[in-house]
Amino acid sequence: MDLLELEKQVTLLEDIQEIENLQKIYGYCFDNGMFQEVMELFSDTVESVEITDHGVFRGKDAVKRMYSGMVGMKRPGWMFFEVMQSQGVVDIAPDGKTATGRWYTPSFECRPFGGTIKQTWQFGVYDNKYIKENGHWYFLKLHWNIIYWTSFERGFLKVPKLSDTPFPNADAPATNYHPYPYFRGNVPFPFKHPVTGE
Amino acid sequence: MDLLELEKQVTLLEDIQEIENLQKIYGYCFDNGMFQEVMELFSDTVESVEITDHGVFRGKDAVKRMYSGMVGMKRPGWMFFEVMQSQGVVDIAPDGKTATGRWYTPSFECRPFGGTIKQTWQFGVYDNKYIKENGHWYFLKLHWNIIYWTSFERGFLKVPKLSDTPFPNADAPATNYHPYPYFRGNVPFPFKHPVTGE
Amino acid sequence: MDLLELEKQVTLLEDIQEIENLQKIYGYCFDNGMFQEVMELFSDTVESVEITDHGVFRGKDAVKRMYSGMVGMKRPGWMFFEVMQSQGVVDIAPDGKTATGRWYTPSFECRPFGGTIKQTWQFGVYDNKYIKENGHWYFLKLHWNIIYWTSFERGFLKVPKLSDTPFPNADAPATNYHPYPYFRGNVPFPFKHPVTGE
């Protein structure tokens with residue numbers, strides 16, 4: 001193997017590492033309500049963002065609009081942690097310019113509903129795309145598909161979705177909103193099977 | 001350092017990355033009831049698979065038999081997510097041909113019991129082996145040791161194991177079935193201590 | 001790019017891999033009450049260890065003292081699993097000699113309180129430092145900041161912290177003890193924003 005070939009392999013490993021960091025830093029910033037920092041992780045060419053049933057937000061201005069509307073999460077008593085950006089499988093396209101990522105995110109939250117704060121467990125699946133610009137990776141598409149958002153007390157079987165949460169300023173309704181029990185097979189795998197290549 | 005030595009180091013990093021992907025893709029396929037795709041992740045020389053107390057399945061035909069028996073998981077209302085294939089420590093053998101991996105897997109499930117669906121939390125420890133064949137990594141041994149499988153409502157202290165689930169078509173009973181409270185020290189560490197080397 | 005430059009990049013990837021392993025192996029050893037093995041993961045120059053409100057322990061002798069006091073965790077019925085050392089973002093300093101790491105750790109535990117065993121969920125944030133000595137990475141600082149330690153039955157909203165657990169042999173009281181609801185922004189990010197560099 002020559003140096004140039006080895007360099008390509010190392011770049012691939014670095015790309016995966018950087019995308020994993022991007023995804024995790026998104027999580028840390030989001031959990032801390034640092035939405036300006038969140039926005040800076042997105043490409044100016046971002047295609048869309050969908051989070052649960054909030055709706056589709058297309059393009060960077062719309063995505064800014066969406067995250068700006070989330071600053072209410074910093075109110076007293078409101079706590080959200082995407083506990084893990086985990087089980088991440090990152091797949092870099094052969095030209096090295098885009099990538100896909102699939103992640104599980106168990107989460108927990110304390111959120112005001114009316115005059116009461118409720119404690120909840122959540123679980124969602126990320127189906128994301130990334131783009132490399134000027135040597136750095138950014139989000140090209142972020143789609144968080146919820147499997148459940150349940151009350152701590154009652155559980156995901158009895159209450160798969162606590163409430164509906166469409167954002168009035170979305171570009172379109174959610175495209176892929178299928179919590180339990182209609183969840184199966186709804187979040188496609190973006191990566192190839194390591195053996196069959198499909 | 002010369003190019004050949006650097007190439008070996010890069011190969012090691014790639015091996016770890018590929019095994020982590022293999023383990024995570026196994027999780028994604030398993031959670032989606034894609035058992036054909038699951039089977040293709042196993043070496044033809046697979047030694048054994050043990051999942052909780054289902055029993056030991058030795059060799060590829062037996063392993064196929066085991067996963068084929070799990071298609072019931074795709075019935076309506078049945079939901080299983082191995083929430084995370086996490087805390088993965090992968091250790092590649094010096095000859096680069098086999099490897100071990102240890103993973104924690106918190107999970108949740110909705111499963112029918114008789115005429116009722118129950119919601120459960122689970123936690124297990126993977127003690128796995130992998131083999132490299134034709135440049136690709138496959139499962140050589142998969143062993144999921146359960147710590148608890150409990151009802152959502154009652155918890156792992158009160159109900160460490162909801163039920164017994166031996167598979168009638170196993171080759172032998174489970175070899176290492178020790179849920180709480182007899183769990184301690186039962187899943188050996190396959191990796192060396194990074195400092196002492198033991 | 002020349003070989004020397006590529007070697008530096010590979011070393012960086014290896015450093016991240018080794019620190020991730022160090023953190024995870026710490027978790028596996030800690031969960032199994034293997035405190036001698038835990039101690040060996042710390043540099044002789046360790047600055048401090050803080051775990052929840054146990055207090056500050058400075059220097060290796062004090063850190064040994066702290067972990068030695070935890071052997072009670074091996075009593076019958078006591079079970080602790082740091083479920084995941086996850087969402088790890090490791091940042092290596094430019095000189096390659098130190099690093100920081102931030103991790104989320106959901107955990108669960110069965111612990112005796114007086115004459116009763118209680119089951120709990122926990123969630124904490126690691127803000128750690130590492131140092132490279134003789135080619136190996138060790139812990140330089142370990143700080144586990146708890147967000148909640150709650151009863152399985154009642155939840156993190158109602159009972160963010162079950163009990164106070166200061167260790168009488170600490171060098172000083174905890175420096176950063178802010179469980180819910182006063183948790184926000186208290187665990188600083190050690191890493192740079194991947195885009196802005198701040």
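According to the Kirkwood relation over distinct C-alpha pairs, the hydrodynamic radius of the range C:1-54 is 13.5 Å.
Only loop residues by DSSP count here, and only those with at most 12 other Cβ atoms within 10 Å; note down the chymotrypsin sites (Phe, Trp or Tyr not before Pro) in the range C:78-184 that meet that.
Here the sparse-neighbourhood loop sites are C:Tyr182.
Divide the volume of the convex hull around the Cα atoms of the range A:40-90 by the residue count and you get 116 Å³ per residue. Using the Cβ-Cβ distance between B:Met1 and C:Thr175 with R0 set to 35 Å, the FRET efficiency from 1/(1 + (r/R0)^6) comes to roughly 0.25. Look at B:Ser107, A:Ser151 and count the other Cβ atoms within 10 Å of each Cβ; fewest to most, that gives A:Ser151, B:Ser107. Using Cβ point charges alone (K and R +1, D and E -1), the dipole size of the protein assembly as shown about the Cα centre works out to roughly 2940 debye.
Order of A:Met73, B:Met1, C:Met79 from fewest to most other C-beta atoms within 10 Å?
Numbers: A:Met73 16, B:Met1 13, C:Met79 23.
Least to most surrounded, the residues fall as B:Met1, A:Met73, C:Met79.
Each of A:Phe167, B:Asn145, C:Met39 was scored by the projection of its Cα onto the charge dipole of the protein assembly as shown, and the greatest displacement toward the positive side belongs to A:Phe167; charges sit on the C-beta of Lys, Arg, Asp and Glu. The range C:1-78 and the range B:135-198 have their alpha-carbon centroids 25 Å apart. Charges on Cβ only, +1 for Lys and Arg, -1 for Asp and Glu, centred on the Cα centroid of the range A:43-198; of A:Gly69, A:Phe189, A:Val89, which one is farthest towards the dipole's positive end? The listed residue farthest towards the positive side: A:Gly69.
For the residues A:Thr105, A:Thr116, A:Thr175, a GNM of chain A with alpha-carbon springs under 10 Å puts the largest fluctuation on A:Thr116. For A:Lys118, the aspartates and glutamates whose Cα falls under 18 Å of its own Cα, not counting residues fewer than eight places away in the same chain, are A:Asp31, A:Glu82, A:Glu109, A:Glu153, A:Asp164, B:Glu153, C:Glu153. Only helices enter this figure: runs of n ≥ 4 DSSP H residues, each worth -39500 (n - 2.57), summed and divided by the residues of chain C, yield -7000 deg cm²/dmol at 222 nm to the nearest 500.
How large is the Kirkwood hydrodynamic radius of chain A, in angstrom, based on all distinct alpha carbon pairs?
Details: mean 1/r = 0.0561 Å⁻¹.
Every distinct Cα pair counted, the radius reaches 17.8 Å.
Name the shape class, rounded, prolate or oblate, that the alpha-carbon gyration tensor gives for the range B:15-124, where a ≥ b ≥ c are the square roots of its eigenvalues, rounded holds for a/c under 1.5, and otherwise prolate holds if a/b is larger than b/c and oblate otherwise. It would help to have the intermediate numbers written out before the result.
Details: a/c = 2.23, a/b = 1.56, b/c = 1.43.
Prolate shape, in that a/c is at least 1.5 and a/b is the bigger ratio.
Ordering C:Gly124, B:Val49, C:Trp78 by the projection of their Cα atoms onto the charge dipole of the protein assembly as shown, which places +1 on the Cβ of Lys and Arg and -1 on the Cβ of Asp and Glu, puts C:Trp78 at the extreme positive end.
Axis angle, to the nearest 10 degrees, between helix A:3-31 and the longest C-alpha principal axis of chain A: 10 degrees.
Bridgeable lysines around A:Lys24 (alpha carbons under 16 Å apart, same-chain partners fewer than 8 residues away excluded): A:Lys129, A:Lys141, C:Lys192. Legend: mean number of C-beta atoms from other chains within 10 angstrom of residue C-beta atoms, peptide B:98-109, equals 3. Take each residue in B:89-97, count the other chain C-beta atoms within 10 Å of its C-beta, and the mean is 1.
Fewest neighbouring Cβ atoms within 10 Å first, the residues C:Asp61, C:Asp53, A:Asp95 line up as A:Asp95, C:Asp61, C:Asp53. For the segment C:2-13, counting C-beta atoms of other chains within 10 Å of every residue's C-beta and taking the mean gives 5. Entry note: the protein assembly as shown has Rg to Rh equal to 0.93, where both radii use alpha-carbon atoms and Rh is the Kirkwood radius.
Restricting everything to alpha-carbon atoms, can you work out Rg to Rh for the range A:105-166 with a Kirkwood hydrodynamic radius? List each step's numbers first, then the result.
Details: Rg = 15.5 Å, Rh = 13.5 Å.
Ratio of gyration radius to Kirkwood radius: 1.15.
Rule-based calculations on the coordinates, nothing more; no lab input. From a predicted model like this one, the values you see are computed outputs, not experimental measurements. Quick reminder, even Gly has a Cβ in these numbers, built from the backbone with ideal geometry, and neighbours come from all protein chains shown.
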